[in-house]
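Read through the structure below, which is laid out as structure tokens, and then see the notes.
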Amino acid sequence: MLDYDFMRTAFLAAFLVAIVCGPVGWFLVLRGQTFASHALSHVGFAGATGALLVGVFPLAGLSTGALVAGILMGFAGDRVAGRDVMIGLVLSVTMGAGALFLHFLTQSASAATALLFGDILGISKGMLSWLALLSVGCLLALGIMARPLLFASLQPELAEAKGVPMRLLDVLFLALVALATAECAQITGVLLVFTLMVAPAATVLRLGVAPLVGLMLSALLALCEAWGGLVLSWQTDYPTSFWIAALGGMGFVAAGLFSRFVMRQTT
């Protein structure tokens, strides 16, 4: 399997994406903002298809669209919370805009499939360099904001009383989520971002481990699911995104069963 250059590139890309999506997703689930990655991926789809239409690198359009939406969501704060109809309408409009952009592309079918469901086996060396740059930047940013972000996530009232800039922190974090979502979409596509962004983190949080351990386990689990999906895809010829999603679901169920078993043993 590793004799092929495109497979080695795919494994490297999965590594770069997983080490970012795991920790970012851990904070995302902890803060109850899992809808953000789904929303940002839909907005990013419109940006990616728009970039394809004008001849620009799709990752640049996806990142820009998701980043702008993430910053706006951060400034909006609690005002958008609970407005399911408005959020659903915005997502529908952005996906519709993406479909319109694809309508004008001659390679619309292949482009739509890659954007919606990912194309990890088609990642080029140039895109790999961009993913590496994004990963380093995201991890540095997360490392800087991790302590105040954890404080604000667990005890928001106390953090605000202590002078933590809650609005600025929310904006910066959602901007970080936007970039991580853009990375993740290269592997799973915009429709299956949950598979790497949310599933590993939600699985780890069910185990009730310490924050630092949880962050590392989320990255490790995301990596195992991404690499496991590649291996299973090679063996079965089924889509990689399917296997990543299946492994994520099985891991979440297994963590729940393990937690219940531990609780029964302790009681």
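The values are calculated or read from the model by the stated rules, or taken from the named source; none is laboratory data. If you're wondering where the values come from, they're calculated on a predicted model, not measured in any experiment. All Cβ positions, glycine included, derive from the backbone under ideal geometry; neighbour counts span all protein chains shown. Calculation scope for accessible area: heavy atoms of the full protein, side chains included, ligands and nucleic acids excluded. Shrake-Rupley method; radii C 1.70, N 1.55, O 1.52, S 1.80 Å.
Please verify whether segment 27-39 includes one or more residues that are at pLDDT 90 or above, part of a helix (DSSP H, G or I) and open to solvent by less than 10 Å² (accessible area, probe 1.4 Å). There is at least one residue in segment 27-39 that is at pLDDT 90 or above, part of a helix (DSSP H, G or I) and open to solvent by less than 10 Å² (accessible area, probe 1.4 Å). What about ARG206, is it basic (Lys, Arg), surrounded by 14 or more Cβ atoms within 10 Å (Cβ to Cβ) and at negative phi? Here the answer is yes, as ARG206 does meet what is asked. As for segment 158-177, it holds at least one residue that is β-branched (Val, Ile, Thr), in a loop (DSSP other than H, G, I, E, B), buried (at least 16 other Cβ atoms within 10 Å of the Cβ) and touching a residue at least 12 places away in the same chain (Cβ under 8 Å).
Each residue in segment 47-64 was checked for being in a helix (DSSP H, G or I) and within 20 Å of ILE120 (Cα to Cα), and 11 of them qualify.
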